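These notes concern the structure reproduced below.
The values are calculated or read from the model by the stated rules, or taken from the named source; none is laboratory data. Just so we're clear, the structure is a prediction, and the values are computed from it rather than from any experiment. FYI the Cβ positions are ideal-geometry reconstructions off the backbone, even for glycines, and counts take in every protein chain you see. When the accessible area is computed, the model is the full protein with side chains, heavy atoms only, and any ligands, DNA or RNA have been set aside. Shrake-Rupley method; radii C 1.70, N 1.55, O 1.52, S 1.80 Å.
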Amino acid sequence: METVWLSGAEWLAVLRVGLGLWWLESWRHKDKKGWFERGTGIAWAADVASKHRWPTVTKGFDTVVKPRPRAMAYVVVYAELAVGLGLVVGFLTPVALVGGLLLNLLYLVLMIHDWAEQGQNSMMALISLVALLGMSWQTWSLDAAWGLF
């Protein structure tokens, strides 16, 4: 593929790293003390889920998340960190891309009524899909350096 300045594979790596930085920013700005000690993140999500227009979302949240709010807070916060780091350094990149895509899809479903959140999550999901299908780990990644994937 011919492009201006960088090769196609390098542009995909730029996209991958940018997405990773976006995930790291999502992790950085979270009030971790609030999430872990006061349960603010999961409490907010529980409120959103309880009013959701799709009963399946409420039931799923009540079954999976509500019984273990502290553990789920750690899962959400550290999943965002792991996805971000994996994408920035290109380590286990396909796993990080699929994990990020699943997180974004979960956030999309939970926040179906909030257009601001929908825009962010849909763009992150789209970038994940392009980076995954374009095999963005082929350039500027630990995966490429170590011959993974």
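Okay, here's what the table says:
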item: Qualifying residue in the range 44-52 (condition: under 17 Å from L103 (Cα atoms), free of Cβ contacts under 8 Å to residues at least 40 places away in the same chain and among the β-branched types (V, I, T)); result: no
item: Complete set of residues in the range 39-54 that are open to solvent by 100 Å² or more (accessible area, probe 1.4 Å) and over 30 Å from V88 (Cα atoms); result: K51, R53, W54
item: Selection status of T93, more than 19 Å from K30 (Cβ to Cβ), among the hydroxyl-bearing types (S, T, Y) and loosely packed, with under 15 Cβ neighbours inside 10 Å; result: no
item: Selected residue (criterion: farthest from H52 (Cα to Cα)) from residues of the range 137-149 that are touching an Asp or Glu at 6+ places or on another chain (Cβ under 8 Å) and open to solvent by 50 Å² or more (accessible area, probe 1.4 Å); result: W140
item: Selection status of R68, open to solvent by 60 Å² or more (accessible area, probe 1.4 Å), without any contact (Cβ under 8 Å) to a residue 12 or more places away in the chain, within 20 Å of W27 (Cβ to Cβ) and of a type outside the set (A, V, I, L, M, F, W, C); result: no
item: Total residues in the range 93-119, condition under 12 Å from the mean Cα position of the chain (by Cα) and under 19 Å from A82 (Cα atoms); result: 13
item: Residues of the range 108-136 satisfying the condition of being touching a Leu at 6+ places or on another chain (Cβ under 9 Å), open to solvent by 30 Å² or more (accessible area, probe 1.4 Å) and closer than 19 Å to S50 by Cα; result: E117
item: Filter result for L105 (buried (at least 16 other Cβ atoms within 10 Å of the Cβ), touching a residue at least 12 places away in the same chain (Cβ under 8 Å), within 24 Å of G18 (Cα to Cα) and of a type in the set (A, V, I, L, M)); result: no
item: T58 under 20 Å from I112 (Cα atoms), surrounded by fewer than 18 Cβ atoms within 10 Å (Cβ to Cβ) and not acidic (D, E); result: yes
item: In the range 16-38, the residues that are open to solvent by 30 Å² or more (accessible area, probe 1.4 Å), more than 14 Å from the chain's Cα centre (by Cα) and not basic (K, R); result: H29, D31, W35, E37
